[in-house]
1. Consider only pairs whose beta carbons are under 9 Å apart and that are at least six residues apart or on different chains; among these, list those whose first residue lies in the range 64-80 and is outside the structural domain of residue 42 (by TED's automatic domain parsing) and over 12 Å from residue 95 (Cα atoms) and whose second residue is modelled with pLDDT of 90 or more and surrounded by fewer than 18 Cβ atoms within 10 Å (Cβ to Cβ).
2. Among the residues of the range 57-72, count how many are in a helix (DSSP H, G or I) and surrounded by fewer than 16 Cβ atoms within 10 Å (Cβ to Cβ).
3. On the basis of being at pLDDT below 85 and either assigned to a helix (DSSP H, G or I) or loosely packed, with under 14 Cβ neighbours inside 10 Å (or both), does residue 96 make the cut?
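The values are calculated or read from the model by the stated rules, or taken from the named source; none is laboratory data. What you see is a predicted model, and the numbers here were worked out from it, not measured in a lab. Don't worry about glycine lacking a Cβ; one is built from the backbone with ideal geometry, like all the others, and counts go over all protein chains shown.
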């Protein structure tokens with residue numbers, strides 16, 4: 001009898017964990033869309049800035065795909081979103097910007113404009129974007 005109780009307890013824990021993961025996953029999906037809409041960006045523009053396809057971003061916003069930790073970090077840095085709010089809905093939507101981050105975001109937007117004008121290649125854009133995000137993480 002104890003064996004079945006132990007198995008049932010383990011199964012119950014897994015079900016709770018799975019359910020929390022689904023709730024958390026859909027929370028992030030909703031938050032991604034709310035931030036994008038608040039900033040008045042189209043999906044295509046945000047996807048390009050993040051270096052992913054529009055369909056991938058669409059799948060994330062609809063809760064079909066789960067964003068990677070790296071993608072969440074990029075999203076947080078790109079939009080200056082409070083990561084806790086993005087994951088849980090608690091706290092302020094946007095972080096208080098530090099001057100350094102404001103400059104980095106401005107630089108990233110400038111790089112994107114250069115890419116759109118075909119002044120730099122996609123490969124150059126990706127390389128420079130990676131360098132900027134590496135600086136933000138430091």
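1. Partner pairs satisfying both residue conditions: none exist.
2. The number of residues fulfilling the criteria is 3.
3. Criteria met by residue 96.
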